[in-house]
Amino acid sequence: MQTYHTPLDLVRERSPERPVAFARPDSVAVAARWFQDNFKGDVFYAVKANPSPWVIETLAKHGVASFDVASVPEIELVAKYAPGSRMAFMHPVKSRAAIRAAYFDHGVKAFALDTHEELQKILDSTDGARDLTLIVRLGVQAEGASYSLSGKFGVDLHEAPSLLLAARRATEGKMGVSFHVGSQCMRPTAYQAAMAQASRAIVRAGVMVDIVDVGGGFPSVYPGMVPPDMADYLDSIDRGFADMMVHEDTELWCEPGRALVAEASSILTKVELRKGDALYLNDGSYGSLFDAAHVKWPFPVKLYRGEGGEAVEVEGNLRPFRFYGPTCDSLDHMPGPFWLPEDIREGDYVEIGMLGAYGIAMNTRFNGFGDAETVAVEDAPMASMYGLARRSIPLRKSEVQNVVKLTRARSKKRRKK
Ligand SMILES: *Cc1c(COP(=O)(O)O)cnc(C)c1O
């Protein structure tokens with residue numbers, strides 16, 4: 001991978017025609033170290049958040065030795081780029097062939113399940129292995145997540161005791177519980193609350209668990225979504241764990257995806273056309289901007305203008321814009337608002353930040369677009385949970401001035417009526 005000092009340097013050297021994805025391995029390294037220094041247990045990276053080889057390699061190099069995988073291709077990816085690391089197959093619904101390949105070809109021992117049927121599938125497909133680590137995924141009630149992840153998976157807490165008992169009896173290895181409070185969880189106390197529910201299910205089952213896996217959900221910073229300090233989340237987990245009915249050697253696991261990678265990527269797009277407040281870009285909802293379109297997240301942006309050595313970052317007077325992607329689908333629309341200099345025009349470059357999680361990873365080839373090249377850069381991310389650029393979001397000074405202006409204009413209008 002080629003390295004540039006900053007995205008602006010790339011614009012100066014290349015004036016790229018196609019979108020370029022920026023990789024910031026240093027950001028991944030900082031997040032990985034933070035979790036290992038502060039989480040009092042084992043950190044599994046949830047590969048689906050960003051399966052790029054440079055992410056897996058950087059995590060492994062900075063001490064992350066465990067990975068949460070959901071498919072055989074993810075297992076092969078981890079085996080290739082982080083050889084020797086431990087994997088847990090945390091998808092609660094797996095094909096028999098996938099279970100078999102995971103266990104026999106890759107030595108995966110840990111499997112998640114949320115039904116008796118899946119438990120039987122795991123036992124059948126491993127020829128009745130007795131050394132499995134079986135993790136029962138619980139459907140907990142959690143508040144504060146921007147994305148719910150309990151609708152599809154997780155055994156109902158009333159039915160959990162019989163499944164916990166069955167899993168306990170099915171292995172001479174370890175047995176545990178997991179849950180997911182939902183992604184981009186804005187409330188630290190959601191973890192403690194979920195752990196209390198898990199504890200009640202364990203007590204009702206009358207079993208001992210060896211593992212409590214608190215899942216993912218740890219947030220990143222986006223405009224309008226600035227979460228509490230990450231340390232507050234770990235405090236909540238510490239308190240929750242202390243209150244659980246578990247034995248002294250019970251292991252604590254977590255599976256962060258977003259929090260380890262969100263800051264680490266951004267994408268450089270080109271303005272192909274401007275129609276009023278609508279900018280037509282060469283990347284969109286079928287590329288790296290799925291969440292900007294489908295959950296309307298207003299990602300942070302920067303503007304670069306000019307060719308060759310003349311290119312500069314433009315800060316100017318900001319106003320809100322919306323984006324359209326390059327495909328012919330009218331769903332390829334990102335409402336924003338994205339605050340950019342009011343004179344933005346065709347040929348300008350917009351860098352869209354905080355796309356390291358569920359952004360770069362979602363790229364499709366629909367309509368002939370989506371083959372962004374990746375280069376490494378060394379600048380700070382647009383925002384950070386780890387002190388790199390903490391809370392430069394949501395608003396820059398010029399944006400604040402604009403908001404003040406807009407609010408004034410609006411209240412004037414109201415007075416006229
Ligand atoms: C998606 C997922 C994660 C990661 O979630 P984040 O919100 O990105 O931290 C962790 N565990 C499981 C089982 C998942 O499906």
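For the ranges 18-25, 215-222, 167-174, what's the packing order if you count other beta-carbon atoms within 10 Å of each residue, average per peptide, and put the highest first?
Details: 18-25: 21.9, 215-222: 26.5, 167-174: 16.9.
In descending order of packing, they fall as 215-222, 18-25, 167-174.
So how far apart, in nm, are the two label points at Asp131 and Thr364 if each is 7 Å from Cα heading toward Cβ?
Reported label-point gap for Asp131 and Thr364 is 4.2 nm.
Quick check for me: using +1 on Lys/Arg Cβ and -1 on Asp/Glu Cβ, what's the dipole size of the stretch 49-179 about its Cα centre, in debye to the nearest 20?
240 debye
For the stretch 270-300 and the stretch 335-381, what is the separation of their C-alpha centers, rounded to whole Å?
8 Å
When ligands, DNA and RNA are left out and all protein chains stay put, how many square angstrom of accessible area per residue does the chain have with a 1.4 Å probe?
Per residue, the chain has 43 Å² of solvent-accessible surface.
Tally Lys and Arg at +1 and Asp and Glu at -1 over the other residues with C-beta under 14 Å from the C-beta of Arg258: what net charge comes out?
Cβ neighbours under 14 Å give a net charge of -3.
Where nothing but the Cβ of Lys and Arg (+1) and of Asp and Glu (-1) is charged, how large is the charge dipole of the stretch 25-261 around its Cα centre, in debye to the nearest 20?
Using Cβ point charges on Lys, Arg, Asp and Glu, the stretch 25-261 gives about 360 debye.
So, by mean Cβ neighbours within 10 angstrom, what's the order for 138-146, 323-331, 184-192, 256-264 with the highest one leading?
Result, highest mean Cβ count within 10 Å first: 256-264, 184-192, 138-146, 323-331.
Evaluate the distance, in nm, between pseudo-label points positioned 7 Å from the Cα of Thr6 and of Asp277 along their respective Cα→Cβ axes.
Those two pseudo-labels are separated by 2.9 nm.
Ignoring everything except DSSP H segments at least 4 long, calculate the 222 nm mean residue ellipticity for the chain; use -39,500 (n - 2.57) per segment, divide by total residues, nearest 500. Intermediate values should be presented prior to the final figure.
On the way: 12 runs with 127 residues, N = 417.
It lands at -9000 deg cm²/dmol.
Could you tell me the accessible area of Lys40 in Å² (1.4 Å probe, neighbours in place), rounded to the nearest ten?
140 Å²
Between Glu342 and His106, what length in nm is gained on full extension when 0.36 nm per residue of separation is reduced by their alpha carbon distance?
Numbers: separation 236, 0.36 × 236 = 84.96 nm, distance 5.42 nm.
Length gained between Glu342 and His106: 79.5 nm.
Subtracting the Cα-Cα distance from 0.36 nm times the residue separation, let me have the gained length for Tyr386 to Lys40 in nm, one decimal.
Value of the extension gain: 122.8 nm.
Using the alpha-carbon centroid of each, what span in Å lies between the stretch 1-55 and the stretch 112-190?
Measuring centre to centre over Cα atoms gives 31 Å.
Can you work out the FRET efficiency for the pair Asp249 and Arg86, with r the C-beta to C-beta distance and R0 = 25 Å, to the nearest 0.05?
0.90
With a length cut of 18 Å (Cα positions projected on each helix's long axis) and a Kyte-Doolittle mean of at least -0.5, go through the chain and give me the DSSP H helices that pass.
25-38, 189-205, 230-243
Quick one: length gained pulling Asp156 to Thr115 fully straight, 0.36 nm per residue minus the C-alpha distance? Don't skip to the end; give the middle numbers.
Details: separation 41, 0.36 × 41 = 14.76 nm, distance 0.98 nm.
Residue separation times 0.36 nm, minus the Cα-Cα distance, leaves 13.8 nm.
Counting only protein chains, not ligands or nucleic acids, how are Trp54, Trp34 ordered by accessible area (probe 1.4 Å), most first?
Output order, biggest surface exposure first: Trp34, Trp54.
Hey, with R₀ at 22 Å, roughly what FRET efficiency would Val203 and Arg239 work out to, going by the Cβ-Cβ distance, to 0.05?
0.75
Report, to the nearest whole %, how much of the accessible area of the chain belongs to carbon and sulfur atoms, 1.4 Å probe, protein only.
Percent of accessible area from carbon and sulfur atoms in the chain: 51.
Put +1 on the Cβ of each Lys and Arg and -1 on the Cβ of each Asp and Glu in the stretch 25-261; which of Trp54, Val246, Pro227 then has its Cα farthest toward the positive end of the dipole?
The residue sitting farthest along the positive end of the dipole is Trp54.
Which value, in Å² and to the nearest 10, is the accessible area of Leu273 when all protein chains are kept and the probe is 1.4 Å?
80 Å²
So if I place +1 on the C-beta of Lys and Arg and -1 on the C-beta of Asp and Glu, and nothing else carries charge, what would the dipole magnitude of the chain be about its Cα centre? I want it in debye, nearest 20.
I would put it at about 1920 debye.
The values are calculated or read from the model by the stated rules, or taken from the named source; none is laboratory data. Please read these numbers as outputs of a predicted model, since none were measured by experiment. Cβ: placed from backbone, ideal geometry, glycine included. Neighbour counts: every protein chain shown. For accessibility, only protein heavy atoms count, side chains too; no ligands or nucleic acids. Shrake-Rupley method; radii C 1.70, N 1.55, O 1.52, S 1.80 Å.
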